[in-house]
Amino acid sequence: MTTPALSAEQEALFRLIEDTREHVFVTGRAGTGKSTLLQHLAWNTQKQIAVCAPTGVAALNVEGQTIHSLFRLPIGLIANGEITQTDATRKILNAIDTLVIDEISMVNADLMDAIDRSLRQARGRRAEPFGGVQVVMFGDPYQLAPVPPRGDEARYISDHYRSFWFFDAKVWTGGEATDGILDIGAHGAGLHVKELAEIHRQSDPGFKALLNAVRYGRVTAEMAGVLNGAGARTPPDPADGEHPIITLATRNDIVNAINRRHLDALVGRVQTANAEVSGDFGRGEANYPADMELKLKVGAQVMFLRNDSAGFGEAPRWVNGTIGTVTRIAGGTVRVDVDGDEHDVEPAVWERFRYAYDPGTKNLSREIVAEFTQFPLRLAWAVTIHKSQGKTYDRAVIDLGSGAFAPGQTYVALSRLTSLDGLYLTRPLRPSDIRVDPDVQRFMAERRAAARA
């Protein structure tokens with residue numbers, strides 16, 4: 001597989017990861033190429049790596065395994081409970097040189113310490129952070145947060161951690177030893193925080209400055225006026241020959257209602273494509289990369305859910321997030337118009353992997369344990385802001401409804417756009433929509449100060 005060429009700063013960061021044993025947190029604003037670097041690392045490293053992520057869909061996106069599955073950890077708070085390991089799990093964990101974790105901002109402090117304990121235990125190196133494994137993490141805490149703990153779990157986190165974020169785990173901050181497992185000194189394991197700076201999604205300096213202000217919670221009245229002035233327009237009507245436009249909303253029920261209303265308004269009958277699932281793909285729709293039942297009509301606005309698997313050297317016809325319009329449904333294919341060009345789209349296969357140890361080569365291998373087959377399409381008159389993560393849109397209607405309810409939500413929505421010209425707001429932004437987690441502000445400020453010292 002060929003991967004996109006790296007920029008100079010991405011190449012320098014790849015070399016740091018590849019040529020050292022340092023623990024690295026790769027972060028950066030939306031559109032700086034974190035995913036590109038992760039993909040390059042996965043395909044070009046000479047090390048034995050295991051790639052994992054906190055959720056099933058995130059793991060699918062990086063062709064890895066979920067954290068809980070890889071480490072065989074129980075769901076929920078782990079705390080100081082016993083971590084049981086089979087011989088197979090120990091062999092896998094002993095074979096890892098570098099552990100890569102994507103969407104690290106969704107990993108809480110307790111799970112981060114459980115990863116550390118598991119590796120020390122499996123490798124018999126209890127005095128060494130992560131049992132000597134290099135840990136490389138990708139993510140942006142200004143965009144996604146871990147699920148807040150509740151009840152007794154929240155009380156435990158409050159009693160034992162500065163916050164529930166991964167960066168406040170004891171493996172990084174130091175802490176009292178528990179059966180020798182956290183015997184890492186007063187300062188914890190060394191962590192290099194590397195922030196990619198070059199933005200590839202947007203080119204206009206003014207729009208970049210506005211997005212930075214939203215990201216860091218430093219929006220002035222003048223900046224809000226610019227955003228609200230640009231967004232205070234009626235969205236174009238596709239019936240007038242305009243290109244498709246998508247709505248980014250805060251809640252699933254809003255998105256579903258918009259998509260259902262537009263689908264019902266189209267003439268013709270609904271045709272349903274049923275996904276095929278084989279193997280252990282996990283239970284529930286949340287684990288699936290596409291709809292189990294994809295309901296379409298000719299004229300439906302759809303979004304592609306993965307990149308085009310074009311032939312070697314050929315330009316992709318679409319990428320993950322491309323918007324198009326269904327023009328024909330027949331013969332096991334869906335024809336989609338993308339910017340005036342029509343393409344026949346066939347079902348795609350998502351593979352769920354599991355790492356295994358090969359005693360013959362003494363290397364890690366990946367086994368396919370499940371497959372999900374469905375057209376790589378989703379109705380896309382609307383999508384949740386959360387599911388727009390990682391996507392790029394030329395134009396979008398942003399519907400914050402009664403208000404952004406999570407830190408970073410407004411930043412994620414606005415930063416999907418390539419330019420201010422593509423912004424449409426259903427209502428003006430309010431100061432309460434610009435939310436930044438104070439623990440993230442504190443951690444990043446401390447790291448930047450340490451880098452300058």
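The values are calculated or read from the model by the stated rules, or taken from the named source; none is laboratory data. Note that the coordinates shown come from a computational prediction; the quantities given were computed from them, not determined experimentally. Methodologically, a virtual Cβ is constructed for each residue, glycine included, from the backbone with ideal geometry; neighbour enumeration extends over all protein chains shown. What goes into the accessible areas is simple: the full protein's heavy atoms, side chains included, and nothing from ligands, DNA or RNA. Shrake-Rupley method; radii C 1.70, N 1.55, O 1.52, S 1.80 Å.
A few points about this structure:
- Filter result (more than 30 Å from Thr86 (Cβ to Cβ) and open to solvent by less than 20 Å² (accessible area, probe 1.4 Å)) within the range 332-374: Val334, Val336, Val338, Val345, Ala348, Gln374
So that you can scan it fast, the table gives a plain yes or no per residue for (1) open to solvent by 10 Å² or more (accessible area, probe 1.4 Å); (2) free of Cβ contacts under 8 Å to residues at least 24 places away in the same chain:
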residue	(1), (2)
Gly76	yes, no
Asp87	yes, yes
Asn94	yes, no
Ile104	no, no
Ala114	no, no
Leu119	no, no
Gly124	yes, yes
Pro129	yes, no
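- Which numbered condition Asp421 fails, given (1) surrounded by fewer than 23 Cβ atoms within 10 Å (Cβ to Cβ); (2) closer than 30 Å to Trp318 by Cα; (3) touching a strand residue (DSSP E or B) at 6+ places or on another chain (Cβ under 8 Å): (3)
- If the condition is being of a type in the set (Gly, Ala, Ser) and either part of a helix (DSSP H, G or I) or surrounded by 16 or more Cβ atoms within 10 Å (Cβ to Cβ) (or both), then the range 187-214 contributes Gly188, Ala189, Gly206, Ala209, Ala213.
- Test: Leu417 is of a type outside the set (S, T, N, Q) and under 14 Å from Ala224 (Cβ atoms): no
- Some residue of the range 375-384 being surrounded by 14 or more Cβ atoms within 10 Å (Cβ to Cβ), over 30 Å from Val226 (Cα atoms), within 20 Å of the chain's Cα centre (by Cα) and among the aromatic types (Phe, Trp, Tyr): no
- Residue satisfying all of: in the range 1-16; out of contact with any helix residue (DSSP H, G or I) (no Cβ under 6 Å at 6 or more places or on another chain) and touching a residue at least 60 places away in the same chain (Cβ under 8 Å); surrounded by the fewest Cβ atoms within 10 Å (Cβ to Cβ) among these: Thr2
- Subset of the range 17-30 that is in contact with a strand residue (DSSP E or B) (Cβ under 6 Å, 6 or more places away or on another chain) and within 17 Å of Asp102 (Cβ to Cβ) - its residue that is surrounded by the fewest Cβ atoms within 10 Å (Cβ to Cβ): Val24
- Which listed residue is out of contact with any Gly (no Cβ under 7 Å at 6 or more places or on another chain), among the hydrophobic types (A, V, I, L, M, F, W, C), open to solvent by 30 Å² or more (accessible area, probe 1.4 Å) and in contact (Cβ under 8 Å) with a residue 12 or more places away in the chain, from Val57, Val62: Val57
- Qualifying positions in the range 424-447 - closer than 19 Å to Tyr142 by Cα, open to solvent by 70 Å² or more (accessible area, probe 1.4 Å) and not hydroxyl-bearing (Ser, Thr, Tyr): Arg430, Pro431, Arg435, Pro438, Gln441, Glu446, Arg447
- Looking only at the range 1-24, residues that are under 19 Å from the mean Cα position of the chain (by Cα) and over 22 Å from Leu211 (Cα atoms) come to 3 in all.
- Being open to solvent by less than 30 Å² (accessible area, probe 1.4 Å) and touching a residue at least 12 places away in the same chain (Cβ under 8 Å) holds for only one residue in Gly390, Gly403, and it is Gly403.
- All positions within the range 131-163 that are among the hydrophobic types (A, V, I, L, M, F, W, C) and either assigned to a helix (DSSP H, G or I) or buried (at least 16 other Cβ atoms within 10 Å of the Cβ) (or both): Val133, Val135, Val136, Met137, Phe138, Leu144, Ala145, Ala154, Ile157
- Selection count where residues are assigned to a loop (DSSP other than H, G, I, E, B) and more than 21 Å from Asn307 (Cα to Cα), scope the range 263-280: 6
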